[in-house]
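J.: Would you mind keeping the following structure in view while I ask a few things?
The values are calculated or read from the model by the stated rules, or taken from the named source; none is laboratory data. These figures come from a predicted structure and were not determined experimentally. Here the Cβ positions follow ideal geometry from the backbone for every residue, glycine too, while neighbour counts run over all protein chains shown. These accessible areas exclude ligands, DNA and RNA; they are computed on the full protein's heavy atoms, side chains included. Shrake-Rupley method; radii C 1.70, N 1.55, O 1.52, S 1.80 Å.
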Amino acid sequence: MKGLRIYALAYLLFLYAPILLLPLFAFNNSTIIAFPLSGFTFGWFVELWETPALHAAVKNSLLIAVATAVFSTLLGICAARAGAKYEFPLKRPILGLIMVPLVLPEIIVGVSLLIVVVQLLDWQLSTWTIVAAHTLICTPFSIAILNGAFQNVDTSLEEAALDLGETPLSTFRLITLPLVMPGVISSLLISFTISLDEFIIAFFLTGSDPTMPVYIWGLLRFPQKLPAVMALGTLLVLLSIILLSIAEYFRRRGVRRAGLKDTGGFL
Amino acid sequence: MSTPNAPPLIQLSDVDKYYGDYHALRSVTLDIEQGEFFSLLGPSGCGKTTLLRTIAGFEDASSGVLMLGGENMKGVPANKRPTNMVFQSYAIFPHLNVFENVAFGLRKKGLSATEKDTKVRDALAMVGLDGYGDRAAHALSGGQRQRVALARALVLQPKVLLLDEPLSALDKKMREQMQTELRRLQRQVGITFILVTHDQEEALIMSDRIAVMFEGEIAQVAAPQTLYRRPASQKIANFIGVMNFMPATATPAGGVVNVDIAGLGIATLDADQCPGGVPNGAAHVGIRPEMMSLLFYGETSTASVAQGVIEEQSYYGDMTYYDVRLEGVSDPVTLSMKNIVGRPVLERGEAARVSWDPRALVLFGN
Ligand SMILES: Nc1ncnc2c1ncn2[C@@H]1O[C@H](COP(=O)(O)OP(=O)(O)O)[C@@H](O)[C@H]1O
Ligand SMILES: [Mg+2]
């Protein structure tokens, strides 16, 4: 028992120690990332505030993340609904194939998309090519979340609404959608988070406007900028934790509402 | 009940339903009248729900015609049919409160807020849920969910209310209470009710008429008393209550049938005692346990009498059931006696005289 506890602690430390270093140096009053710490400062956060190029990158990233979240959730709703409600030929292989990007190395996705977009389609790289690519990698996550939500909807509820005079469309709006809403919110938040800090694909497909992770990567060439990067990282970690917590809250609420037993999830 | 010569509210002719290769409904032909309390009774898996869902419009018949209120329902979706359903799971919308659940179907009726309010209140009062409008769906007990489901359907004043085993999820006491209440409600609103149940007692208590189904086929449609007294086959007789069967030989003679019951002699039966058709030759006669009685203290009977020995006795308090081996009859017969004042309870091994009225016999072809 005791050995197990030590193992668990060591494991958690290994997982989270690097992240804990971020805020430590973000508030450290020195340009050199090394111990001992030399003093407390908010200076690096102020510097972030005063860098217009960063603001542009953040804005760009937020735009991409919001668009990605909306698109991948919409696609996820369609796929999860089809999977939960309809039988069609090759259903299992098709649904399985949609999930593959979940395990595909991003570098492969990045390179192949670059070839497709630039060589085959001859498009300009832009914010929207990144949105398309992020939608590709986020959709499987959306489907995974929404599958659970749609499968928990009792078919007889939809039939009851039809029976009471609603059309299939208004049934979806009045019954199905409210019941899967926790899953939808959860899916929006998770794909938003994934898109916001995705680097590899964004790096390959970025045009003239870098996303925030790409911008940060660019900063790494200047050692004196490192503490500011730490400050930015701290903010990002905070944001991620908040968003994922909200997503998990809604997922659990959905499970509770459907009166089911919780069988896991992302957190 | 219906005015004479009015066409039946629901007419099914030769309705078949296949699920892939599985033949779930076999040539179902059925008329259901306006204002009837009609039950579909049969063992689990015989196709009752399938038939109900076909009427509701959730399943398409593979072939055959379904007329509802004089209109062919082919291609008419569930939301356009004058039927409403109480689902087995009740299907109460979990994100809406009681009022919103009941008002759900009124959304498209173009009512003013006050009209809607009145209708919902009336519906809730009818099912005994006054003042429950603000309750959340998850805060309801099983019986209350059932009542909300009823109110939600009845508030629309459908031509037909379909109920799929609505009482099976309730405990015994609640179930008995709801049986009475459903019956009262049906008389009050005058809407045709079609009830699906696998509980023969429930069907007998509640229905004007009952359709017995086996393996996708309608075996018999009759009023409860007819069904119980004159079941059309041994299978139906066994499904509804208990019946003794004895081998016999039938000889039709004019309007009557002479029956030679193995070991018990000749009886003459009317044609109406052969609900499955008049047999000729090898047959079985059947009789219900309560239609036979033991004779005590030299009691005499104008009816048929036979000698026997008590082989088994089960005391139920209000009733005693006996298995009696009659002289010359191969299998023991089961009979029941009410335990009234002064009537003894016989023990195993005692001699017994059994009497019955031949009018209680039912004759089945083999
Ligand atoms: N959607 C379906 N697909 C395939 N078979 C079905 C379907 N629904 C019902 N069945 C089959 O049809 C038969 C009758 O079912 P059902 O009408 O539900 O019976 P009951 O209500 O009398 O218990 C059962 O054997 C069941 O397995
Ligand atoms: Mg059923």
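J.: In units of 2.2 N^0.38 Å, what is the alpha-carbon radius of gyration of chain B? Before the final figure, lay out the partial values.
T.: On the way: Rg = 24.8 Å, N = 366, 2.2 N^0.38 = 20.7 Å.
Dividing the Cα radius of gyration by 2.2 N^0.38 Å gives 1.20.
J.: Taking 2.2 N^0.38 Å as the expected size of a compact globular protein, what ratio does the Cα radius of gyration of the range B:84-156 give against it, to two decimals?
T.: Its radius of gyration relative to the 2.2 N^0.38 Å reference: 0.98.
J.: Could you put B:D60, B:D31 in order of accessible surface area, largest first, with the 1.4 Å probe and the full protein assembly present?
T.: B:D60, B:D31
J.: Let me ask something else about it. Dipole magnitude of the range B:84-156 about its Cα centre, charges +1 at Lys/Arg Cβ and -1 at Asp/Glu Cβ only, in debye to the nearest 20? Can you show the working numbers first?
T.: Numbers: 10 positive and 6 negative charges, 43 e Å.
In total the dipole reaches around 200 debye.
J.: Report relative contact order for the range A:1-56 in percent, whole number only (criteria: Cα-Cα under 8 Å, sequence separation at least 6).
T.: Once normalised by length, the contact order is 21 percent.
J.: Please report, largest first and rounded to whole Å, the three semi-axes of the ellipsoid equivalent to the range B:112-153, where each semi-axis is the square root of five times an eigenvalue of the C-alpha gyration tensor.
T.: 18, 11, 8
J.: Once every DSSP H run of n ≥ 4 in chain A is given -39500 (n - 2.57) and the sum is divided by its residues, what mean residue ellipticity at 222 nm do you get, rounded to the nearest 500 deg cm²/dmol?
T.: One gets -23000 deg cm²/dmol as the mean residue ellipticity at 222 nm.
J.: I've got another one for you. Percentage of Cα-Cα pair distances in the protein assembly as shown greater than 41 Å, rounded to whole percent?
T.: On the way: 104243 of 200028 pairs.
Value for the protein assembly as shown: 52 percent of Cα pairs lie more than 41 Å apart.
J.: Further question on the same structure: Tell me, which residues of the range B:70-107 get at least 40 Å² less accessible area when the other protein chains come in, versus the chain alone (1.4 Å probe)?
T.: At a threshold of 40 Å² (probe 1.4 Å), the residues of the range B:70-107 that become less exposed are B:N79, B:F87, B:F93, B:P94, B:H95, B:F104, B:R107.
J.: Loop by DSSP (not H, G, I, E, B), at most 16 other beta-carbon atoms within 10 Å: where is the longest site-free stretch of chain A for trypsin sites (Lys or Arg not before Pro)?
T.: Longest gap between qualifying sites, sites excluded: A:1-220.
J.: Still on this structure: How long are the semi-axes of the equivalent ellipsoid of the range A:124-267, taking √(5λ) for every eigenvalue λ of the Cα gyration tensor, in whole Å from largest down? Don't jump to the answer; show the numbers that get you there.
T.: Details: eigenvalues 304, 67, 20 Å².
Calculated on Cα positions only, the semi-axes equal 39, 18, 10 Å.
J.: Tell me, what is the percent relative contact order of chain A, built from C-alpha pairs under 8 Å that lie six or more residues apart?
T.: Answer for chain A is 30 percent.
J.: Residue by residue, what Karplus-based ³J(HN,Hα) values in Hz, rounded to whole numbers, does the range A:207-213 have, using 6.51, -1.76 and 1.60 with θ = phi - 60° and x for Gly and Pro?
T.: Here the 3J(HN,Hα) series is x, 7, 9, x, 7, 4, x Hz.
J.: If you wrap a convex hull around the alpha carbons of the range B:245-365, what volume per residue comes out, as a whole number of Å³? Show your work: numbers first, answer last.
T.: Values: hull volume 12.5 nm³, N = 121.
Taking the convex hull of the Cα positions in the range B:245-365, it is 103 Å³ per residue.
J.: Another question, if that's okay. If contacts are Cα pairs under 8 angstrom and at least 6 residues apart, what is the relative contact order of chain B in percent?
T.: In percent, rounded to a whole number, it is 15.
J.: Go through B:L140, B:L124, B:F87 and say which Cα lies farthest out towards the positive end of the charge dipole of the range B:84-156; charges sit on Cβ, +1 for Lys and Arg, -1 for Asp and Glu.
T.: B:F87
J.: So what are chain A's ellipsoid semi-axes, whole angstrom, largest first, if each one is the square root of 5 times an eigenvalue of the alpha-carbon gyration tensor?
T.: Details: eigenvalues 298, 125, 60 Å².
Taking √(5λ) for each Cα gyration eigenvalue gives 39, 25, 17 Å.
J.: Something else about it: Once you've got the Cα coordinates, tell me which of B:K74/B:K159; B:K108/B:K173; B:K80/B:K172 are over 26 Å apart.
T.: Violating the 26 Å Cα-Cα cut-off are B:K108/B:K173; B:K80/B:K172.
J.: Given the options B:Q225, B:S330, A:P105, identify the residue whose Cα lies farthest towards the positive end of the charge dipole of the protein assembly as shown (+1 on Cβ of Lys, Arg; -1 on Cβ of Asp, Glu).
T.: It is A:P105.
J.: Nothing charged except the Cβ atoms of Lys and Arg (+1) and of Asp and Glu (-1): what's the magnitude of the dipole of the protein assembly as shown about its Cα centre? Round to the nearest 20 debye. Show your work: numbers first, answer last.
T.: Values: 51 positive and 55 negative charges, 342 e Å.
Dipole about the Cα centre, nearest 20: 1640 debye.
J.: Find the Cα radius of gyration of the range B:167-221, compare it with 2.2 N^0.38 Å by division, and give the number to two decimals.
T.: After normalising by residue count via 2.2 N^0.38 Å, the value is 1.20.
J.: Let me ask something else. Rounded, prolate or oblate: which one fits the range A:1-104, using the alpha carbon gyration tensor with axes a ≥ b ≥ c (rounded when a/c is under 1.5, else prolate when a/b beats b/c, else oblate)? Please report the intermediate quantities before stating the final value.
T.: Working: a/c = 4.49, a/b = 1.58, b/c = 2.85.
Oblate, since a/c reaches 1.5 and b/c is not below a/b.
J.: Something else: Counting only protein chains, not ligands or nucleic acids, how are A:C78, B:C46 ordered by accessible area (probe 1.4 Å), most first?
T.: Ranked from most to least accessible, the order is A:C78, B:C46.
J.: Here is a follow-up. If one computes the Cα centroid of the range B:87-110 and of the range B:183-239, what distance in Å separates the two points?
T.: Going from one Cα centre to the other spans 30 Å.
J.: Also, quick follow-up: In degrees, nearest 10, range 0 to 90: what is the angle between the Cα axis of helix B:172-189 and the longest Cα principal axis of chain B?
T.: 70 degrees
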